[in-house]
């Protein structure tokens, strides 16, 4: 139980900023409970004074104020009492209804605010985390955290917390009233509750632990479903091309069936709690009915007192049932909360130093000194003792077979990853000493994997520069030789490109990506297979555009097509994570080098 309370209070931290609305809701709950207690208490005068015209009788010594109240009630004529009650009852239920509405409304504000803030926090955290985090997490799993898991904790806060506070308040008030009347009738009555309460709570706690376990598995299955849907829908072209629809449907059905089975197991335990609680409470009520019924028959207790006592007692059954359901909902929420905190408490691998400096440009050089790198402790080194110095304004071509470490090397420059050993420097200063955002503003990237967002052509190009004007966007498109085909679109620069640019050809997507880099106009340029998806005609135009773009910039060109790197100031040949050769195209071709063999192989020389 100690662990449950600790985890539950951690869950409630999500509602920390909603204290004002919670306070208003609790006040409304208190007023609602008060009027509900009054409405049940009316059973006493209605039964004893209006219906039977008898005196209200409570056994034993009573406080003076309560004796005076009962004497006054007993002195009122039944007809007058009926008139008062007829006016009073609608007023009580009207006030109770207003505050019931308000408490529900305020708690829904709390719940919706929690959804809003937790999703914002998660999305912000996604942007703060390093690239290594995304290398080990599935997109569908992260989507599940921000949608399904957030919804689960919101139910626990807006609905379950409301029931917890409200029903606990009702149980407390009704229990005090019932205990007081019960003590007056017989000492045996309160004793029943001390026996029944553990009998009610024990199965609730046991079942709740099982529900939490099943819920965790259900949420993992839901993450699997989201991941499969993201992969399949994103790769629908390949699915259809290879006629693998049936295979993907079978995979989905298998995972969906696993989710279905665990959901049923959790539901079975949840719906067991309510009838079990109700049955145990009913045994207590039957015992009370036997004891108090005899007191009424003997005349020692009035029928009104008996009715009120039973009303308060029976009114506690429903709150107990709700509280048991609250416990089940909370167990599901605790599993979701743990998954959300797993993201929120994740430490980014790439961190900015507190005394980090700003950086506005490059004056002299970029240097990789004794750099080693591997993606995780279980992997082999992808880069091994890299030593490379690049002068400002030089064009460096990185060539070599796939998996040689070319892309990994340039990814160290914007600090997508940090080297495991060694240092990357700009102007003789370790880039770890610079602020991350200004450092990345110095770098434009055109990657082999073109990334476009589901927005307009213009917005995708403008991603390269915040606040870019229409003229700047248009000029960037012209330099990237994208303007001509954009103008043929029905809505020109306002044309929506579709999810990941699905409405565009590979060459069109690449040219828009190049236009984005042109617009950013950063002093360091990384071209990772920038012309890989272009036909020969387009490549000619793009090479001309890139020549203009690269002028005066320090450029890293990764290319398998060696025709694109012949004019580079320096060619670096990598193999198996090591630099094996450096030089110009002319010097490397003149000797018996690996570069020469690659060149001859590619051009059939």
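The values are calculated or read from the model by the stated rules, or taken from the named source; none is laboratory data. Nothing here was measured: the structure is a model prediction, and the numbers come from that model. Quick reminder, even Gly has a Cβ in these numbers, built from the backbone with ideal geometry, and neighbours come from all protein chains shown.
Quick notes on this one:
- Hey, residue 428 surrounded by fewer than 14 Cβ atoms within 10 Å (Cβ to Cβ) and under 30 Å from residue 498 (Cβ atoms) or not: no
- Any hit, the range 24-38, residues being at pLDDT 75 or above, in a helix (DSSP H, G or I) and closer than 30 Å to residue 339 by Cα: yes
- Neighbours by Cβ (under 9 Å, 6+ apart or cross-chain): first from the range 407-418, at positive phi and without any contact (Cβ under 8 Å) to a residue 24 or more places away in the chain; second buried (at least 20 other Cβ atoms within 10 Å of the Cβ) and not in a loop (DSSP other than H, G, I, E, B): none
- Considering the range 341-366, and only residues there that are surrounded by 13 or more Cβ atoms within 10 Å (Cβ to Cβ) and touching a strand residue (DSSP E or B) at 6+ places or on another chain (Cβ under 7 Å), the residue that is nearest to residue 131 (Cα to Cα) turns out to be 356.
- The residue list 109, 98 contains one member that is part of a helix (DSSP H, G or I) and in contact with a helix residue (DSSP H, G or I) (Cβ under 6 Å, 6 or more places away or on another chain), which is 109.
Residue-wise test of (1) touching a residue at least 60 places away in the same chain (Cβ under 8 Å); (2) in contact with a strand residue (DSSP E or B) (Cβ under 9 Å, 6 or more places away or on another chain); (3) more than 16 Å from residue 150 (Cα to Cα); (4) surrounded by 15 or more Cβ atoms within 10 Å (Cβ to Cβ).
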{"position": "73", "(1), (2), (3), (4)": "no, no, yes, yes"}
{"position": "77", "(1), (2), (3), (4)": "no, no, yes, no"}
{"position": "81", "(1), (2), (3), (4)": "no, no, yes, yes"}
{"position": "95", "(1), (2), (3), (4)": "yes, no, yes, yes"}
{"position": "104", "(1), (2), (3), (4)": "no, no, yes, yes"}
{"position": "108", "(1), (2), (3), (4)": "no, no, no, yes"}
{"position": "111", "(1), (2), (3), (4)": "no, no, no, yes"}
{"position": "116", "(1), (2), (3), (4)": "no, no, no, no"}
{"position": "137", "(1), (2), (3), (4)": "no, no, yes, yes"}
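- The numbered conditions (1) over 13 Å from residue 396 (Cα atoms); (2) modelled with pLDDT under 80; (3) touching a helix residue (DSSP H, G or I) at 6+ places or on another chain (Cβ under 8 Å) are all true for residue 600 except (3).
- Some residue of the range 148-160 being on the phi < 0 side of the Ramachandran plot, assigned to a helix (DSSP H, G or I), touching a helix residue (DSSP H, G or I) at 6+ places or on another chain (Cβ under 6 Å) and at pLDDT below 70: yes
- Boolean, residue 402 is farther than 20 Å from residue 429 by Cβ, modelled with pLDDT under 90 and under 28 Å from the mean Cα position of the chain (by Cα): no
- Any hit, the range 530-548, residues being at pLDDT 80 or above, over 35 Å from the mean Cα position of the chain (by Cα) and crowded, with 19+ Cβ neighbours inside 10 Å: no
- Residue 404 satisfies every condition listed in (1) assigned to a loop (DSSP other than H, G, I, E, B); (2) closer than 20 Å to residue 361 by Cα except (2).
- Selection within the range 438-455 - over 16 Å from residue 506 (Cα atoms) and either in contact with a strand residue (DSSP E or B) (Cβ under 6 Å, 6 or more places away or on another chain) or part of a loop (DSSP other than H, G, I, E, B) (or both): 442, 443, 444, 445, 455
- The lone exception for residue 503 - which of (1) more than 32 Å from the chain's Cα centre (by Cα); (2) free of Cβ contacts under 8 Å to residues at least 40 places away in the same chain; (3) assigned to a loop (DSSP other than H, G, I, E, B) it fails: (1)
- Members of the range 486-500 that are in a helix (DSSP H, G or I) and free of Cβ contacts under 8 Å to residues at least 24 places away in the same chain: 487
- Subset of the range 351-385 (residues that are under 16 Å from residue 415 (Cα atoms) and outside any loop (DSSP other than H, G, I, E, B)): 357, 366, 367, 368, 369, 371, 372, 373, 383
- Here residue 457 clears all of (1) more than 35 Å from the chain's Cα centre (by Cα); (2) in contact (Cβ under 8 Å) with a residue 40 or more places away in the chain except the condition numbered (1).
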